[in-house]
Amino acid sequence: MSLNIARAAVQDELMIKAFIEEILKTDYFKGNKWTITAPEIIRDVWLTMQKMFDVQDPLKTVKQEQNEAALKIYPHTQEFILKSTDPFLESL
């Protein structure tokens, strides 16, 4: 996942390689820290990415694309849900 996010944030493969190498230096990827949780690892990876790539939100472009795709189908989806006998259940 981090590799895909890194590629979304920057196009420079050398920077991406340096990022992956930096992450692999951490204690938990060396097997030295077994008590850390997945959210803590993700936080550290995210902070490393922000620092190395000098970007606040590495997923900004991806999120914008997904929002645009959702907005394209919104009118159809809204109509479908509103015509349902149980709009709440249908929306779920």
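The values are calculated or read from the model by the stated rules, or taken from the named source; none is laboratory data. For clarity, every value in this text was computed on a predicted model and none was experimentally measured. Neighbour counts are summed over all protein chains in view; Cβ atoms, including those assigned to glycine, are modelled from backbone coordinates with ideal geometry.
Table: residues versus (1) among the charged types (D, E, K, R); (2) at pLDDT 85 or above.
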| position | (1), (2) |
| --- | --- |
| LYS17 | yes, yes |
| ASP27 | yes, no |
| TRP46 | no, yes |
| GLN56 | no, yes |
| THR61 | no, no |
| GLN66 | no, yes |
| ALA69 | no, yes |
| THR77 | no, yes |
| GLU90 | yes, yes |
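Counting only helices (runs of 4 or more DSSP H) that sit completely within region 1-77, zero hold 1 or more residues that are under 30 Å from PRO87 (Cα atoms) and outside the structural domain of PRO87 (by TED's automatic domain parsing).
Residue-by-condition table, conditions (1) in contact with a strand residue (DSSP E or B) (Cβ under 9 Å, 6 or more places away or on another chain); (2) surrounded by 11 or more Cβ atoms within 10 Å (Cβ to Cβ); (3) not aliphatic (A, V, I, L, M):
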position	(1), (2), (3)
GLY31	no, no, yes
THR37	no, no, yes
GLU40	no, yes, yes
ASP54	no, no, yes
LEU59	no, yes, no
LYS72	no, no, yes
HIS76	no, no, yes
LEU92	no, no, no
